[in-house]
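Student: Input: one structure, supplied below.
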Amino acid sequence: MLGRGTRLLAGGLGVACVVLIGPSAPGGPFGASAPGKAVRDVVPDRVMTWNICNPCDTSDVDRAAEIARYAPQVIGVQEACVRDVERIRDYLEHLHGLVYHVAYGPVLRSWNRCGGVPWKPGGFGQAILSAAPMTDPVKKLYPEGGSEERGYLAVTTTVDGRPVRVFNTHLAQRSQEAFREGQVEVLAKAVARYDRAIVIGDLNAVPDAPELAPLWALATDADPGCRPPATGDCEVTTDWRLKFDYVFLRGVAPLEQGVHRTPVSDHDLVHADVDTAGAAAGDTRPEG
């Protein structure tokens, strides 16, 4: 593990809080200007979702180590500060030999959550790390976020050797069902345009919550035993022993799901190994 001084140096480096596609900016904590050649292979058919917890007293070195343990092709993180994701990406490459491209999707700028200075706070929201390049990024704010802004980030990338539209979202807090209902309507409308899509994220709702019905109508959970209304076979994903974290599959078949407890977040890491050889990817009209 790197010392405190190294982490402080890394913490002083950031980028503007806009949606970006690609590696960390030149002059990052390891001086990398572009993804290099991977020393270690990712699992090409594995996608993962993880709410990394913010605010939490957690090292980005530890977060990177947790991700590296499962080496997903694609991972979506929530409650993510741009600066943290930059460091995680660099630690994954230089400590674990895993090279990722990054798409940032901040939904707000927060000095309290992400540091910086009051007139230039850090970006907070979602991010997607992919071993393959990403195209056609869309960052969407939901019309009503609830107690704070919420939204989704979508990109097209490669999973299991085929193009897939990947959505990463974080819905309104668990006591705010009415807000989540409107957010799911927006998300489901975007997902429905694609024959092959994966939706990952912290939905802050149990599987049989009424507001999730539009997603269940379009896709299935990567956990084959988890289908509403019966939720007894759904593996829990949080410290409070509820399932809030999902890998929804549309035109993609599940092979295996794993839920992995971690001491560095109040949410577990959830991964799914998938088969994308089903319907051909396509869309009827772009998101907007």
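Student: Take the residues of the stretch 105-134 that are open to solvent by 70 Å² or more (accessible area, probe 1.4 Å) and either assigned to a strand (DSSP E or B) or among the hydrophobic types (A, V, I, L, M, F, W, C) (or both): which is modelled with the lowest pLDDT? Explain how you work it out, then say what you get.
Tutor: Here is the first cut: in the stretch 105-134, the residues open to solvent by 70 Å² or more (accessible area, probe 1.4 Å) are 109, 111-112, 118-120, 133.
Add one more test, that the residue is either assigned to a strand (DSSP E or B) or among the hydrophobic types (A, V, I, L, M, F, W, C) (or both), and what stays is 109, 111, 119-120.
Numbers: ARG109: 87, TRP111: 77, TRP119: 71, LYS120: 77.
Step by step, filter the stretch 105-134, then rank; the result is TRP119.
Student: Return the residues of the stretch 255-270 that are in a loop (DSSP other than H, G, I, E, B) and either of a type outside the set (Gly, Ala, Ser) or at pLDDT below 95 (or both); say none if nothing qualifies.
Tutor: Restricting attention to the stretch 255-270, the residues satisfying the condition of being in a loop (DSSP other than H, G, I, E, B) are 261-266, 268.
Residues satisfying the conditions are ARG261, THR262, PRO263, VAL264, ASP266, ASP268.
Student: Still on this structure: Of everything in the stretch 188-220, what is in a strand (DSSP E or B) and more than 20 Å from GLU177 (Cα to Cα)? Give them in sequence order. Before you say what the answer is, go through the steps one by one.
Tutor: Of the residues in the stretch 188-220, the ones in a strand (DSSP E or B) are 194, 197-202, 220.
The answer is TYR194, ALA197, ILE198, THR220.
Student: To continue, here is another question. So how many residues does the stretch 222-249 have that are within 16 Å of THR169 (Cα to Cα) and touching a helix residue (DSSP H, G or I) at 6+ places or on another chain (Cβ under 9 Å)?
Tutor: Total satisfying the criteria: 2.
Student: Out of the stretch 253-270, which residues are touching a residue at least 24 places away in the same chain (Cβ under 8 Å) and under 13 Å from ASP223 (Cα atoms)? If you could, list the steps in order and put the result at the bottom.
Tutor: Taking the stretch 253-270 and keeping what is touching a residue at least 24 places away in the same chain (Cβ under 8 Å), we get 253-255, 257-260, 262, 264-270.
Scanning the stretch 253-270 gives ALA253, PRO254, LEU255, GLN257, GLY258, VAL259, VAL270.
Student: Restricting to the stretch 214-229, count the residues that are open to solvent by less than 70 Å² (accessible area, probe 1.4 Å) and either charged (D, E, K, R) or over 21 Å from the mean Cα position of the chain (by Cα) (or both).
Tutor: The initial filter retains those residues of the stretch 214-229 that are open to solvent by less than 70 Å² (accessible area, probe 1.4 Å), namely 214-216, 218-223, 225-226, 228.
Okay, now just the ones that are also either charged (D, E, K, R) or over 21 Å from the mean Cα position of the chain (by Cα) (or both), so 221, 223, 225, 228.
The number of residues fulfilling the criteria is 4.
Student: Right, here's the next one. Provide a single number: the residues in the stretch 62-104 that are open to solvent by 10 Å² or more (accessible area, probe 1.4 Å), aliphatic (A, V, I, L, M) and farther than 26 Å from VAL138 by Cβ.
Tutor: Number satisfying all stated conditions: 2.
Student: Let me ask something additional. Checking ASP208 against (1) modelled with pLDDT of 95 or more; (2) over 26 Å from ALA64 (Cα atoms), which test does it fail?
Tutor: The one condition ASP208 does not meet is (1).
Student: In addition: Which residues, taken from the stretch 193-213, are under 22 Å from ASP45 (Cα atoms) and either open to solvent by 10 Å² or more (accessible area, probe 1.4 Å) or hydrophobic (A, V, I, L, M, F, W, C) (or both)? If you could, list the steps in order and put the result at the bottom.
Tutor: First, the residues of the stretch 193-213 that are under 22 Å from ASP45 (Cα atoms): 194-202.
Within the stretch 193-213, TYR194, ASP195, ARG196, ALA197, ILE198, VAL199, ILE200 qualify.
Student: Filter the stretch 135-157 down to the residues that are part of a strand (DSSP E or B) and under 15 Å from the mean Cα position of the chain (by Cα) and list them by number. Even if it seems obvious, please write down each step before you answer.
Tutor: The initial filter retains those residues of the stretch 135-157 that are part of a strand (DSSP E or B), namely 135-141, 151-157.
Result: PRO137, VAL138, LYS139, LYS140, GLY151, TYR152, LEU153, ALA154, VAL155, THR156, THR157.
The values are calculated or read from the model by the stated rules, or taken from the named source; none is laboratory data. Keep in mind it's a predicted model, so treat the numbers as computed, not measured. Using ideal geometry, Cβ is built from the backbone for each residue, glycine included, and neighbour counts are taken over all protein chains shown. Protein only, heavy atoms only, side chains kept; ligands, DNA and RNA dropped before computing areas. Shrake-Rupley method; radii C 1.70, N 1.55, O 1.52, S 1.80 Å.
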